[in-house]
Amino acid sequence: STEAKLHVAIYKARPKVKCVIHSHSTFATMLSIVRKNIPIIMDEQVIYLGGSIDVSSYGEAHTEKIGEVALEALGYKNG
């Protein structure tokens, strides 16, 4: 992946993680541009992801910073 530093940061911080799903889907991208988190809309989101999906602050692509801001946004959650 061109975002290997992002993935490695997550693997290092979360030893139980076995994969990272990194997507630039249309709707996720649109929500990130307008700085909108994805609120809890179904019970499974709480069970599997830990709650809402929060937008991170800006981190320049292909840098260590992108991993840092992603982990900050993730907090204890999985999405």
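Structure summary
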{"item": "Any pair with Cβ under 9 angstrom, 6 or more apart, that starts in region 20-39 at a residue that is closer than 25 Å to Val8 by Cα and among the small types (Gly, Ala, Ser) and ends at one that is open to solvent by less than 80 Å² (accessible area, probe 1.4 Å) and part of a helix (DSSP H, G or I)", "result": "Ser23/Thr29"}
{"item": "Residue in region 20-79 that is farthest from Leu6 (Cα to Cα), counting only those that are in a helix (DSSP H, G or I) and charged (D, E, K, R)", "result": "Asp43"}
{"item": "Verdict on Ala70 being open to solvent by less than 40 Å² (accessible area, probe 1.4 Å) and either out of contact with any Ser or Thr (no Cβ under 9 Å at 6 or more places or on another chain) or aliphatic (A, V, I, L, M) (or both)", "result": "yes"}
{"item": "Residue tally, condition hydroxyl-bearing (Ser, Thr, Tyr) and either within 20 Å of Gly75 (Cβ to Cβ) or open to solvent by 100 Å² or more (accessible area, probe 1.4 Å) (or both), over region 23-55", "result": "4"}
{"item": "Residue in region 40-51 that is of a type outside the set (Val, Ile, Thr), modelled with pLDDT of 95 or more and touching a Phe, Trp or Tyr at 6+ places or on another chain (Cβ under 7 Å) present", "result": "yes"}
{"item": "Count - residues of region 1-35 that are among the aromatic types (Phe, Trp, Tyr) and within 13 Å of the chain's Cα centre (by Cα)", "result": "1"}
{"item": "Some residue of region 43-56 being under 13 Å from the mean Cα position of the chain (by Cα) and charged (D, E, K, R)", "result": "yes"}
{"item": "Breaking point among (1) assigned to a helix (DSSP H, G or I); (2) touching a residue at least 40 places away in the same chain (Cβ under 8 Å); (3) of a type in the set (S, T, N, Q), for Thr2", "result": "(1)"}
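The values are calculated or read from the model by the stated rules, or taken from the named source; none is laboratory data. Computed from a predicted model, the values in this text were never measured in an experiment. Heads up, the Cβs are rebuilt from the backbone with ideal geometry, glycines too, and the neighbour counts pull from every protein chain shown. Accessible surface is based on the protein model in full, side chains and every heavy atom, while ligands, DNA and RNA are left aside. Shrake-Rupley method; radii C 1.70, N 1.55, O 1.52, S 1.80 Å.
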